[in-house]
1. Roughly how big is the range 81-143's charge dipole about its Cα centre, with Cβ charges of +1 (Lys, Arg) and -1 (Asp, Glu), in debye to the nearest 20?
2. Any idea of the accessible area per residue across the range 68-143, 1.4 Å probe, to the nearest Å²?
3. So, counting K/R as plus one and D/E as minus one, what does the shell of residues with Cβ under 14 Å around R82 add up to?
4. Could you report the accessible area of D72 in Å², rounded to 10, computed with a 1.4 Å probe on the protein chains as they sit in the structure?
5. Just to make sure I understand: if all protein chains stay in place, what is the order of M110, M53 by accessible area at 1.4 Å, largest first?
6. Which order do C89, C45 take when ranked by solvent-accessible area (1.4 Å probe, heavy atoms of all protein chains), largest first?
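The values are calculated or read from the model by the stated rules, or taken from the named source; none is laboratory data. Just so it is clear, the model here is predicted, and its values are computed rather than measured. So basically every Cβ, Gly included, is an ideal-geometry build from the backbone, and we count neighbours across all protein chains shown. The accessibility values were calculated without ligands, DNA or RNA, using every heavy atom of the protein model including side chains. Shrake-Rupley method; radii C 1.70, N 1.55, O 1.52, S 1.80 Å.
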Amino acid sequence: MEKVSTHLLRSAVLIGLILLSCLSCRESVAKDDVQSPQHQSRNTCNNLPGEFMTYDEAKAAVEGATFKIREDISTENSSWIRGASYFSCDGLKGYFLLKTDKKQYLFQGMPLEVWEGFKNANSAGQYYHSHIRDRYYLYVGQE
């Protein structure tokens with residue numbers, strides 16, 4: 001009878017240790033599951049808001065996110081455009097960043113075809129004025 005009690009006690013202790021170990025592992029996995037998707041989603045283009053509170057917030061969010069399409073071009077032949085970038089999640093529409101000597105402009109919802117036209121234009125400035133300016137905007141703040 002004493003051997004059975006000792007055996008049961010050892011079994012109970014062993015089962016308790018196994019359960020404790022499993023709970024510890026499960027909490028660790030749960031913490032990883034909670035942190036990883038949040039960390040990953042912060043950097044994806046699909047999680048960008050439709051409207052930003054400030055222009056600087058928008059620019060930082062767009063430049064820091066991962067996109068399906070992300071292209072930068074040099075506009076060395078332009079007299080006033082110093083560079084341009086395009087960012088798109090879906091390959092249909094995206095963000096357009098235009099850099100000048102004095103300022104950077106960010107546009108939202110610009111179709112990929114317009115970006116392709118801008119890249120291939122003989123005059124980036126002329127194309128901008130004809131096909132982009134006053135057609136695409138980035139909305140910031142609360143209206």
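1. Approximately 260 debye in magnitude.
2. 60
3. Numbers: positive: K99, K102, K103; negative: D72, E76, D101.
Residues close to R82 contribute a combined charge of 0.
4. Result for D72: roughly 110 Å² accessible.
5. Values: M110 0, M53 110 Å².
Putting M110, M53 in descending order of accessible area: M53, M110.
6. The residues order as C89, C45, largest area first.
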